[in-house]
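Written below as structure tokens is the structure these notes are about.
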Amino acid sequence: MKINIEVDCTPEEARRVMGLPDLTPLHDKYVATMGDMMDPAAHPELIEQMMRSWAPMGEGAMTFWRRMFEGRDGGTGG
């Protein structure tokens, strides 16, 4: 026997039904912080320090982020 149930709801309604927390304020703050860090006045060293504090990443991931930000600031990486 096969039973299909179709639920029509928004992502917000689904989140509430499942009892998941609303992370919208956290997401908004994260996006704002990333926007600030993309400012051309930001130094690559500060960006690297921030990225290291957010998550334990391997050296390969840190190299990726470093090259991405240096490329944004006109560096030779990328």
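The values are calculated or read from the model by the stated rules, or taken from the named source; none is laboratory data. Everything quoted here is computed from the prediction, not taken from an experiment. Methodologically, a virtual Cβ is constructed for each residue, glycine included, from the backbone with ideal geometry; neighbour enumeration extends over all protein chains shown.
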Long-range neighbours under 8 Å by Cβ, at least six apart or interchain, first residue closer than 24 Å to Arg67 by Cα and charged (D, E, K, R) within the range 16-45, second surrounded by 10 or more Cβ atoms within 10 Å (Cβ to Cβ) and at pLDDT below 90: Asp36/Ala42
Selection from the range 19-49 of residues that are exposed (fewer than 10 other Cβ atoms within 10 Å of the Cβ), at pLDDT 90 or above and part of a helix (DSSP H, G or I): Pro25
Only listed residue being out of contact with any His (no Cβ under 8 Å at 6 or more places or on another chain), at pLDDT 70 or above and surrounded by 12 or more Cβ atoms within 10 Å (Cβ to Cβ), chosen from Arg72, Arg15: Arg15
Residue ID - farthest from Met68 (Cα to Cα), chosen from residues in the range 1-12 that are at pLDDT 90 or above and exposed (fewer than 10 other Cβ atoms within 10 Å of the Cβ): Met1
